[in-house]
Structures are given as structure tokens and as C-alpha cells.
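The values are calculated or read from the model by the stated rules, or taken from the named source; none is laboratory data. Because the structure is a prediction, the values reported are computed rather than measured. All Cβ positions, glycine included, derive from the backbone under ideal geometry; neighbour counts span all protein chains shown. Remember, those area values only see protein heavy atoms, side chains included, never the ligands or the DNA or RNA. Shrake-Rupley method; radii C 1.70, N 1.55, O 1.52, S 1.80 Å.
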Amino acid sequence: MNKRVLIVGAGIAGMEAAAGLSSLNYEVLLFEKDEKPGGHLKNWERLFPTQRLGSEVLEFLEKGIGETVKLISNTNIISAEKSDKNFKVVSDKGDVWYGDALLITTGYDLFEARKKEEYGHGIYDNVFTSAELESLFLNKKELLTHQNKKPARIGFIHCVGSRDKKVGNVYCSKVCCVTAVKQAIEVREKLPECEVYCFYMDLRMYGMHFEELYNEAQEKWGVTFIRGRLSETAENIDKSLQIKVEDTLLGRPLRMTVDMLVLMVGFVPSKSTTMLGKEVGIDFNSNGFLKTMDEHTSTNITGKPGVFVAGTCTSPQTITNTIIDGRSAALTIHEWLSKSGTV
Amino acid sequence: MEQTGKKAIWQEYQKEIAEDKYYYARSCIRQNFFPGSEHAFLNILRNNLKKDLHDDAKHTTCTGIGYHSDVVPMETTMTVVARNFSLMTEAGYQNYIPSCITSFGLYTEIIETWKHFPETLEKTRDFLFKATKRTFDLPNNLAHTSDIIYKFRHEIAAMAKYKLVDVHTGRPLRIVDHIGCHYSKMFPEKGVGGAEYPYVLAGMVEAWGGETIDYPERRHCCGFGFRQYLVKANRSYSLSASRKKFESMQPYEPDFIITNCPGCPYFMDRWQYVIAETEHKVYGAGGKAIPVLTYEEMAGLVLGYNPWDLGLQMHQVPIEPLLEKMRIAYNPAEKYLGVNGKDLGKPVIPELFKYQDE
Amino acid sequence: MKSKDFGYQAIPPRHIDYDKNDRTLFYFLRRREPSISICFSCGSCSATCPANENTPFSFYRIMLYIRRGEKLQIAREINKCMLCGKCRLVCPKGVNTRNVILITRDFLNSGGQ
């Protein structure tokens, strides 16, 4: 009988690992708490740096899991343990499954913008998160202020909940800079009259074609980048927003009115990641993500034999990295099951 | 969304405030700036709320002014504070309530320091004993006096003679609440409602029928500073900070400003005078300046105290338009009479501040 | 009405008031010399600038003043450039620095038309 791998979380990493393991003839049970697989990818219309549709990547991943992977959706796995030779996972409804190896791909949650009280999310109507803006794009909704006005000026705030020791996240979330550039361009495409500003501390355009996208944003789309971190948001009497930053390249404070503010919220370990990590008893790294055996050479292996990890439950990652990591996890699990064969 | 969002934040910043038996620590400068306020606080607590409160003539400054002007070292400050705590201990009280915001900030800072560095506390005990042969207990509860009024805001509302409403139109009064920086900017968790959207004064306004204004420069310092007003050459900074706030609040046409700090009401009141005299500008609706009240004065008005007993004649910006709005009875002839009818003399009133037939 | 003198007065705010500033020159320049948009403030131009050696003069800062509409600063700085062209050689993004200076001078000399 084929060996069975349990994968918790049918986001990008879980789906891609499932596809890999399935093509290596393992029986794969892929658990997903939502109705449909795809994780956060379902919420993004277009992807950086190419502006291709997120749905295309989702189609690719769905094709991978095809008919052979057993997707068990609407199922929230709340505990996982080693039981004799097997792994046992239990859902919140009390259903139980067994397998020979366990892969955790429970991903990230978006940083809760409200925690940056001074930025006014959840208080001032025209403060949005990057995810809320993307949802407008995805659902083909018109980009309007809360007062149903076409915005004349929009500000993007980088590093919200990232590189911020005060909120407990010292790390860079990696994808927000380039997402801001992508969304800034999209705003300019949709509203050619609207001025767009990005407020950043450093622009981290590390990926292939990211720098070109940044260049295009400036040259073709007239997006202005101002180096300075938002200190506070306040609301004007007409419900537009007053923002205060230090223009650090000029060494002077700068004050600007914007009609909408978009907060580029970063990654935090998802609730499932934290919960399952504790349940299984694997270690966390200093940033609260799941710890891998070796940051360079063993990114899918945990301290517990037979328990593997992939994707953004271990660190903020781009879609490209997550797909690679999922595929790599499939191979790592295959190696382990072929060699030891038992737990 | 605004109110729901703020309420969620307010929920997270609740602090413990003692119910009764307070040791009251006066402010150095409030007694001179707005002498009626502290007196009103004592009256409200004792006569209206029936609380036990010890007003001690023996306590001294906390040295806050000196400390923040770099003329008193921290060790001295701690020892002086320790002596005040010792007086509280001696009087048999455990709940320390300073009237000054900077004192409150400084006491909080010192107690936190002692918590994290017990050896500093021991050193302070040693200093105090060597200097005075005194010992002391730390307060069980430290709260600012505005926290106390906030705690009993609903009780006060139940006894209120007046509401914060323009009786001519029925419109709730639009009130700017200004929180002293040292109330919660240093320790957000020690302030009711936190530092970004403090609730301590907003809660009073809400309970007494008014409406608070969230204007762009709400969080900006009034500019009181310490060396910024102590040294005449630096006063421009102080003035400019207040001016920025006035300009920012102007479009909302506030009926008045309330504060919980010694310096803020003083400077927001006096700088309006300076601006009126130098730039011929006022910031209230209808070509009037904006009255600035302390929260005790506001509570006193709501409870029906005589405006002149509250010391409202000590304000530079005339308070009468507000009294008219709330239809509070007052006798113009008694405005400049002090305790026991003593004539205080009438100040020169600048053209832009003149009220009716003055 | 007579103004009183208290010996001190309010100071104008130091902040860049983006809403009030006039950025006509920037929009004009962007049409005439689009490479102004791609400067990323690396500072190579200023590091090599002979004018910056003896007097505070910084090309990338001028670019920022132009973008922010800080007209007084632009007028104060723009004539310090000696037009040697070294900045254009070092610029990694190919900004036509000389042209930016020349157009700006023209613009200011013609009264900002």
C-alpha cells in the first residue's frame, strides 16, 4: 500500500507539495479550513512583478492536485500528534486521520493594522489596508473614498507591522514594497488623474524584475516615492487625511493631505501556524514562525522526525519562493519516507 | 466607524482607579494659574461625591518643573517624591492622586524605575532616611485627579444642574479635549484610553452631554514645554505650537477647550491673548476667542457652582459666551470679586476679547 | 489696531507643506526632461560635484526640492552649478542632470512660465 502524507493547509505551499507527492505516488490528504484551496492567493487579482492574474497561478496549482490528491476542505485541524508509527490529526469536529508523514503549510495572517493605533485604521474611514484595496480590484469595484468621491491623492505606507519592534515584528515581510509599487501602478491605470505617493524606509526590490517595476512606476506612471515613515494619521473636517512624515532625504518634516491611505500590512505567523506548531511540539524561530532545521540547507525539516514545514509558516515569502518551497518539501518528504520508511 | 474603532481601543486601556480615601498632591503652578480649579476638585469630591480626601499642607513640589528644565537631578527628584510618599504613609493613605500631569508622569516614571531597578529604590530610601529620618510605602494606587473625575463622571451627570448643550438650539457643545503630554504619551497603558485616542476627558464630555472634536493636530503638544516658556527667548516655540493647534481646530468651531494639565489651559488661554494682540486674530466662531477650561471647572459648571467661585474670571479669554450658551446664571458685577467680596481690580481687556458692554 | 510687542512671536512652521507648495516647475520639467522622474537619490552626483566641495550644493537635493515644490530653495541653489557635467557621467540611472539645471534656470529666468 502506498504511504500516506498528511498536509495541513491548502495554500500555495500545501497545494504544490501535494502535487509533487502525488506524482511520486504517495497518497495525499490535503486539509483546508476554508471551502476552497488557494489560501491568500484567492484574494489577489494581479501579481507582481508581471501583473499576471493570480487566478492563473491558482489554476496551475489546482491542476497539480488534480483528481489524485484528496482535498478535505471545510476542515480545521486542531491537533496533530505522533501515535505509534503513525501521525494522527484531529479536526475540530472530532474526525481523525492517520498518515506516515506530516507537512505543515499553515501559512501567515496579515498584520492587524489596527495595532498601529496612530495610523487610524478602523477609526478613520479612508484608511485602507493593501488587502482591502486588492479586494476592490478583485471584485471590480470602483475606487472611491468612503464619501463616494474619486480620490485625487492616495498615499501608500510601507512597512506597516514589519520592521517594527514595538509591535513585536522586527523582520521585513518582503513582499509589501513591491506590492505597493504594483498597486500604485494599478491605481494610476484606473485613475489617471489621481496622484500616488509611496512612503518608505528602504525600498526592497530584491526580486528579478522588481527594480524594473519600481522604475516603471516612476517613469511611466509618475508615482512619487518619499523616504520617510508615517508618524501619524489625522482626519480633516472633510474626511480627507492629514499625514505627517519626515522627508528624510531633505531632513525636514513633510505634511500632506491624502484622500485615501493604503497601509502595506506585513506577514505574521497565522493562528493555525502558532496553534499547530505548539500542538506538534516543534520549535519556533525568534520571530514566531516555525523553525527549520537549518536556514540554508534544511528549510523543510523540523526538529521532530516526520514533521515537515513549507511556505510562509516558516517566513515571509513571495509566491515564487512558496511554490519552490512546496516542491522542495515534496522531495524532502520523499527522501525521508524512502530511507526510513517508518516514523 | 470612528466611534466603534475608538471604543475598541478604549477597552484596551482601562486602568485601576481607587474608589475612595485619596491623598491629594497639589500642583505648583495650577494654584497660581487657575486657583479655583483645585478648590473645586476638593469641593466636588468632599461635598458632591462624599469622598475622603487628605489635602496636606506639608507636601512639596515633585520637582517636575526643575527636573524637566534640567536643574534638578533624578536622585534628588526621587528623594523629594519619596518624602511626599512618606507623608502619605504617615497620614494613613495609600491612594496618591496628583493634580498635576507632569507630577503624574514623573511619579509613574519613578515607580516604574523602582520596579525595574530595586537598587534605585533602596538608594532613595537611604537618601530620604539620611536627610529626614523618614520611611515610606509606595502608593497602592496612583491616579491623576482627572482619572478620579472620569471615574465618577456618571455620578456627576446624575447630580448635574446643567448639560454641555447649547440650550438655545439644543445642540451638544463641540469641545476640544486636550490631554497633557505627560498623562499618557510616556506610559500609554497608564492613561484612560491610551495615548493616541485618550478617553479620560472625552468620557466626561460624553457623560455630560457634549461632543468631542477630533481635529488634525489633536495630539500636538500645546507648546508649554518647560524651558520653552521659562526662557523668554524660547517662547516663540511655545506660542507657535499652540497657534498650530488653534488653526487646526478653527474649522470645527469649538465652543470651548478642556484640558487636564497645568500648562495647557494656561498657555492655550494666554497665547490666544498674545495672538489677538499681535496678529489681531481669534479662532472661535463669530469672531470670538475659544474659552479654555480645566476639567474641574467644567465639572463645577455642570454641577452648578458659581462661575466666579470656580475662578473663571482668571481666564484671559472671556467665559461669558459659554455661560450664555449653557444658560448658567452669573452676576457680571461679581466677576472681579475675590474671596469674601474682596475687589481684585479689573484687568485691561483687549479689543478682540471684549464681551458685550465691557 | 496697534500690535503689541511681547518680545517674541510665532515662528512659521518648518515643515514642507505639500498641499500649498507649487510644483509647476516639476511638471514642466517632467515633460521636457522625463529622466528627472527616475532619480533614486543615491547621491553620486553630489559626491562628485565640484560646487558641492566648497559650498553646500547638492544636485539630488535640488531634484527633491523641485519635486516638493520648495521654490525658495531651488532659486537659492540653482546658480551654484558650474555645468561641468561630471554628475551626468556618474549617474547610474542616466538622469540628464545638465538639462535639468538648464531648464530650471530658463524657467526661473522667464518668471516661471
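So the values come out like this:
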quantity	calculated
Test: residue in the stretch B:152-160 that is open to solvent by 30 Å² or more (accessible area, probe 1.4 Å) and not assigned by TED's automatic domain parsing to the domain that holds B:G223	no
Filter result (over 18 Å from the mean Cα position of the chain (by Cα) and among the small types (G, A, S)) within the stretch A:90-114	A:S91, A:G94, A:G99, A:A101
Some residue of the stretch B:90-106 being assigned by TED's automatic domain parsing to the domain that holds B:T135, part of a helix (DSSP H, G or I) and among the polar types (S, T, N, Q)	yes
Strands (runs of 3 or more DSSP E) wholly inside the stretch A:191-244 that include at least 1 residues being within 14 Å of chain B (Cβ to nearest Cβ) and in contact with a Pro (Cβ under 8 Å, 6 or more places away or on another chain)	A:230-235
Filter result for B:T63 (surrounded by fewer than 21 Cβ atoms within 10 Å (Cβ to Cβ) and either within 29 Å of B:Y197 (Cα to Cα) or in the same structural domain as B:G105 (by TED's automatic domain parsing) (or both))	no
Scan of the stretch B:296-337 for residues that are open to solvent by 10 Å² or more (accessible area, probe 1.4 Å), within 21 Å of B:G180 (Cα to Cα) and either assigned to a helix (DSSP H, G or I) or not assigned by TED's automatic domain parsing to the domain that holds B:T169 (or both), ordered by number	B:M314
Odd one out for B:L230 among (1) in contact (Cβ under 8 Å) with a residue 12 or more places away in the chain; (2) in contact with a Lys or Arg (Cβ under 7 Å, 6 or more places away or on another chain); (3) over 17 Å from B:H315 (Cβ atoms)	(2)
Qualifying residue in the stretch B:181-201 (condition: at positive phi, touching a helix residue (DSSP H, G or I) at 6+ places or on another chain (Cβ under 6 Å) and within 14 Å of chain A (Cβ to nearest Cβ))	yes
Subset of the stretch B:267-295 (residues that are open to solvent by less than 10 Å² (accessible area, probe 1.4 Å) and more than 21 Å from the chain's Cα centre (by Cα))	B:V274, B:I275, B:A276, B:Y283
Residue pairs meeting the criteria (Cβ under 8 Å; at least 6 apart or on separate chains; first more than 7 Å from every other protein chain (Cβ to nearest Cβ), in the stretch C:1-23; second assigned to a loop (DSSP other than H, G, I, E, B) and crowded, with 16+ Cβ neighbours inside 10 Å)	C:N21/C:G69; C:N21/C:E70; C:D22/C:G69; C:R23/C:G69
Single condition A:I282 does not satisfy, out of (1) part of a loop (DSSP other than H, G, I, E, B); (2) open to solvent by 50 Å² or more (accessible area, probe 1.4 Å); (3) of a type outside the set (S, T, Y); (4) away from chain B (no Cβ under 14 Å)	(2)
Odd one out for B:C264 among (1) in a loop (DSSP other than H, G, I, E, B); (2) open to solvent by less than 10 Å² (accessible area, probe 1.4 Å)	(1)
Per-region count, the stretch C:30-67, residues of a type in the set (A, V, I, L, M, F, W, C) and within 12 Å of chain A (Cβ to nearest Cβ)	9
Checking C:T104 against (1) open to solvent by 20 Å² or more (accessible area, probe 1.4 Å); (2) of a type in the set (S, T, Y); (3) more than 10 Å from chain A (Cβ to nearest Cβ), the condition it does not meet	(1)
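Residue-by-condition table, conditions (1) open to solvent by less than 20 Å² (accessible area, probe 1.4 Å); (2) modelled with pLDDT of 95 or more:
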{"site": "B:L201", "(1), (2)": "yes, yes"}
{"site": "B:Y215", "(1), (2)": "yes, yes"}
{"site": "B:R235", "(1), (2)": "no, no"}
{"site": "B:S238", "(1), (2)": "yes, no"}
{"site": "B:E253", "(1), (2)": "no, yes"}
